[in-house]
Amino acid sequence: MAEPDAANAAPHLVPLPRSVSMHPGELRIAGAVELRDTASAPDAAAALKRTLDALEIGVDAAASVRIHLQRFDDAALGDEGYRLVVGDHVQLVARTDAGLLHAVQTLRQLLPAQPQAELRLPRLEIVDAPAYRWRGLSLDVARSFLPVDYVERTIDRMARFKLNRLHLHLTDDQGWRIEIKRWPKLVEIGGASAVEGGRSGWYTQDELRHLVAYAQARGITIVPEIDVPGHVQAALASYNELACDDEDNLAPYSGLEVGFSVLCLDKPEVVYPFVQQVLEEVLAIFPSREIHMGGDEIKHPRYAEFVSRTAAMVAEQGRTAIFWEEGSVADTAPDVVFQFWNDGYDIAAAVEEGHPLILSPCSYFYIDHGNYAGQPQTYDWCRKEGVPLARLYAFDPTPFPTALGIEAALWTELVHTDAAADNRLWPRLAAAAEVAWTPTAQRRYADFVRRMGALRPHLDAMDIGYHPEPDLGWQ
Ligand code: TNX
């Protein structure tokens, strides 16, 4: 039994909240709770209901413990911040539904992973808000397809750690995964290929709309990527006229090489209407303000012109383009976002011009690299020792003044099953979430190890096939 006036030990939460004040005693919940004010925050209310269902806690207006979801316009909380108080009742306060969703996720981590006859919550007050507004995962569904149910599960798991952007790399040389009604062969032909040993397949527009809504209800924006003008062999194999006329290699591709295919930039009358029409259908599915247009790993005299025109096309539709860092050689409006991925790339000029950055330096965030040196079926081109948990956690975004945040990337040339994806993603994605949420000055790896180690039953309850990380005592 807890001493009645002893303060509680700090709880195991990832990402680490901005401030936690422990109070003496516990709040006990047996059987049911009363819910208040759920109309003002429908997504958070639904997330709370899912949490209660998972723990077999009923909702009963006569229950002695009340959980109160409250929208309150406290500017200090920002767009995603929240306050959580456990006293005689539980109070969750935020300005937005998104903030309340995060409060629910914190409450979820305070509760046990599995149902228990009596639940105990430490009395405390948490005030929390993220350091960065972009806390992302990029999933390559093009090299090897990931089915809808796996994407759903990944969304649920991301939400648990307050990640808020899922970037889907929908097209590449080895596959085209998004139905485009005006260009049906993109999926008929381009959706039928995959990297050697990988999965083929594609999403219908209805499936993608479903995923957008599913993610949105969990506080996550899906950011689509159509990778142009390179990485397009699947598109060229589907519509040969997108290639230059002297191009003889137009077969579907299942190899590992990058940087060989390109839309024929000398046929602007073919290429730009294609990009425009694809973009129109993409925008009708994805409400995300930012739309990723790729632009990586291609050398062509008309590359910069292509990036400028594509960025303008996206802007005309009221959205903002993202390109991989190479796009920064082009002349673009200062709000165009670049995704930094080669640790050594000179991005300084773009930063100087005020371009926002998404930080994915490969030696920290390319989690197709091993959890440990030499892990089978992992790349090591960026860092031969792989990207161990401690390495990823040590990343410091603060030297990048225009950073929106960070994004971990799972490329799937060598990741062909849900189980392999789980193994590469977890627990490293939880560390990425903390890098993006918690200011660097507040983070300590040893403390993360203690908290994350204690959350293992939560990962088990979510059925995550995580890497048994020795640093966390999980071997
Ligand atoms: C680099 S990151 C790539 C991808 C590969 C990845 C493998 C980037 C913009 N291009 O095409 O899948 O490395 O680690």
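Taken together, the values in this text are just the output of simple stated rules run on the coordinates, not laboratory data. The shown structure was predicted, so the numbers you read here are calculated from the model rather than taken from an experiment. Ideal geometry is used to build each Cβ from the backbone, glycine not excepted, and the neighbour counts take in all protein chains shown.
A simple packing score, the average count of other Cβ atoms within 10 Å per residue, orders the peptides 262-269, 11-18 as 11-18, 262-269, with the highest score first. Set the Förster radius R0 to 30 Å, insert the Cβ-Cβ distance between residue 377 and residue 214 as r into 1/(1 + (r/R0)^6), and round the FRET efficiency to 0.05. Working from the Cβ atoms, E equals 0.55.
Note on the range 19-128: along the principal axes its Cα atoms extend 38, 30, 24 Å, ordered by decreasing extent. Could you give the nm distance between label points at residue 267 and residue 150, where each point is 7 Å from its Cα heading toward the beta carbon? A separation of 3.4 nm, rounded to one decimal place. The gain in end-to-end length when the residue 75 to residue 353 segment is fully stretched comes to 97.1 nm, 0.36 nm per residue minus the alpha carbon separation.
Antiparallel beta bridges, as assigned by DSSP with both residues in the range 19-128, represent about 65 percent of the total such bridges. The charge dipole of the chain, taken about the Cα centre with unit charges on the Cβ atoms of Lys, Arg (+1) and Asp, Glu (-1), comes to about 1600 debye, rounded to the nearest 20. The gain in end-to-end length when the residue 30 to residue 257 segment is fully stretched comes to 75.9 nm, 0.36 nm per residue minus the alpha carbon separation.
Using the Cβ-Cβ distance between residue 192 and residue 18 with R0 set to 41 Å, the FRET efficiency from 1/(1 + (r/R0)^6) comes to roughly 0.25. For the chain, the tally of Lys pairs with Cα-Cα distances below 25 Å comes to 4, considering only residues 8 or more apart or on different chains. Once you sort the root eigenvalues of the Cα gyration tensor of the chain as a ≥ b ≥ c, which label holds: rounded (a/c under 1.5), prolate (a/b larger than b/c) or oblate (the other case)? Cα axes put the chain in the prolate bin.
Estimated translational diffusion coefficient (Stokes-Einstein, Kirkwood radius over Cα pairs, 37 °C, 0.692 mPa s) of the range 382-475: 229 µm² per second. Only helical runs count toward this figure. For the chain, summing -39,500 (n - 2.57) over DSSP H runs of n ≥ 4 and dividing by all residues gives -8500 deg cm²/dmol at 222 nm.
Cys residues of the chain that find no other Cys beta carbon under 4.7 Å: none at all. Backbone amide hydrogens, once placed in the peptide plane, bring residue 74 within less than 5 Å of 95, excluding anything fewer than 5 places away on its chain. Extending 7 Å from the Cα toward the beta-carbon at both residue 185 and residue 308 defines two label points whose distance is 3.3 nm. Highest-first packing order for the peptide set 241-251, 202-212, 424-434, 363-373 is 424-434, 363-373, 202-212, 241-251, based on the mean count of other beta carbon atoms within 10 Å.
Overall shape: oblate for the range 194-318, with the ratio a/c of the largest to smallest alpha carbon gyration tensor axis at 1.5 or above and b/c at least equal to a/b. Would the range 94-178 count as rounded, prolate or oblate if I go by the C-alpha gyration tensor, calling it rounded below 1.5 in a/c and otherwise prolate when a/b exceeds b/c, oblate otherwise? Here the range 94-178 falls in the oblate category.
Spin-label model, residue 345/residue 461: points 7 Å from Cα along the beta carbon direction are separated by 4.0 nm. Relative to the longest principal axis of the Cα atoms of the chain, helix 205-216 runs at roughly 30 degrees. Centroid-to-centroid, using Cα positions, the range 43-116 and the range 121-141 are 15 Å apart. Roughly what % of DSSP beta bridges within the range 136-287 run antiparallel, to the nearest 5? Of those bridges, close to 20 percent are antiparallel.
Looking at the chain, the DSSP beta bridges with both ends there are about 35 percent antiparallel. Out of 464, 237, 91, whose Cα points farthest toward the positive end of the dipole of the chain (charges: +1 Lys, Arg; -1 Asp, Glu; placed on Cβ)? Most positive-ward Cα: 91.
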